[in-house]
1. Collect the residues in region 159-179 that are part of a helix (DSSP H, G or I) and surrounded by fewer than 19 Cβ atoms within 10 Å (Cβ to Cβ), keeping them in residue-number order.
2. Report the residue count in region 236-262 for those that are among the charged types (D, E, K, R) and within 24 Å of ALA122 (Cα to Cα).
3. Kindly indicate whether VAL183 is at pLDDT below 95 and either surrounded by fewer than 21 Cβ atoms within 10 Å (Cβ to Cβ) or not assigned by TED's automatic domain parsing to the domain that holds VAL269 (or both).
4. Just for region 123-134: of the residues that are part of a helix (DSSP H, G or I) and among the hydrophobic types (A, V, I, L, M, F, W, C), which one is surrounded by the fewest Cβ atoms within 10 Å (Cβ to Cβ)?
5. Could you run through region 195-251 and say how many residues are touching a Gly at 6+ places or on another chain (Cβ under 9 Å), of a type in the set (S, T, N, Q) and over 27 Å from THR270 (Cα atoms)?
6. Can you tell which of LEU226, LEU252 is closer than 15 Å to ALA151 by Cα and assigned by TED's automatic domain parsing to the domain that holds TRP185?
Amino acid sequence: MDEQHSSHRPRGRRPRPRAELSEFLRTRRARLKPEDVGLPDFGRHRRVPGLRREELAQLAGVSVAYYTRLEQGNGRNVSAEVLDSIARALRLNHAERIHLTHLAKPKRQRKPVAPTQQARPALRHLLESMDGVPAYVVGRRAEILAWNRMAAALFGDWGALPARERNWARLVFLDPDYRELFVEWEQKASDMVGYLRMDAGVHPEDPQLSALVGELSVKCEEFRGLWAAHNVKEKCRGVKRVRHPLVGELTLLWESFRPAGDDSGQSLVTYFAEPGTPSAEALRLLGSWGADARRSGADATAP
């Protein structure tokens with residue numbers, strides 16, 4: 001028998017860890033159909049989308065009662081083997097498997113979550129040496145901690161912003177300029193929420209992250225919808241198209257690097273263009289303009 005689920009949480013408040021686990025499992029189950037996992041569909045009316053709990057339990061090789069307890073947020077004593085079976089049954093990708101483990105078996109925080117972050121000195125020195133390559137250090141909660149001259153030329157003068165506003169999530173969802181900057185803004189927005197979801201799974205009791213999610217939920221309908229989907233994503237690599245006011249559209253590859261053994265959550269993100277392409281020439285031009293490139297371009301296109 002299908003279960004119905006409705007949430008009456010006040011808008012803008014992030015659920016507690018047990019509720020996060022419950023909602024994550026429900027959303028993963030809802031996206032699967034019987035035919036997706038090799039089960040017969042006898043055409044019976046389904047009151048909610050996706051697999052039923054008993055179907056998922058059958059696929060994972062656990063009892064319905066056991067899976068129901070897990071989906072209700074009681075995952076503390078679940079074994080790694082059972083989580084792996086459920087992850088396979090739900091067709092979870094690598095990032096989703098990690099997130100499920102964090103939600104089901106959260107690690108006890110050894111020390112309070114730091115309210116402020118600073119880029120590691122070694123990463124700052126590395127940024128300074130990367131001439132011609134837009135690069136920045138991003139920390140937990142999508143906070144922009146440090147950047148080089150080329151990043152300022154490409155993305156804007158973050159130094160002119162209050163420290164609180166140097167946050168990728170706030171810029172993407174609340175700053176109209178960044179909706180224009182990213183050609184595929186919807187994909188950038190989805191990725192950003194996926195990163196925050198991963199962070200929330202690792203640090204479920206972070207008050208600064210809860211405040212950020214609450215602010216964005218209240219101020220931005222797109223964020224609310226994406227957050228409710230419970231999708232997660234890791235920072236690794238990809239392609240981004242940006243629309244710069246001075247040099248036009250660029251197609252850039254990006255790579256994210258996290259130092260081995262570093263649990264600070266800080267990553268070095270670099271952008272570069274394929275050699276010999278118009279985008280590579282555009283980056284070279286931006287390098288000659290420096291940090292004033294964004295402002296100069298905006299002035300040049302103003303009516």
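The values are calculated or read from the model by the stated rules, or taken from the named source; none is laboratory data. Treat the numbers as computed from the prediction; the structure is a model and nothing was measured. In this analysis, Cβ positions are derived from the backbone assuming ideal geometry, glycine residues included, and neighbour counts consider all displayed protein chains.
1. GLY159, ALA160, ALA163, ARG164, GLU165, LEU174, PRO176, ASP177, ARG179
2. So the count comes out to 4.
3. Criteria not met by VAL183.
4. Of the residues in region 123-134, the ones part of a helix (DSSP H, G or I) are 123-129.
Right, trim to among the hydrophobic types (A, V, I, L, M, F, W, C) and you get 123, 126-127.
Values: LEU123: 21, LEU126: 18, LEU127: 21.
Going through the qualifying residues, I end up with LEU126.
5. 1
6. Values: LEU226 fails: closer than 15 Å to ALA151 by Cα.
Exactly one of LEU226, LEU252 is closer than 15 Å to ALA151 by Cα and assigned by TED's automatic domain parsing to the domain that holds TRP185, namely LEU252.
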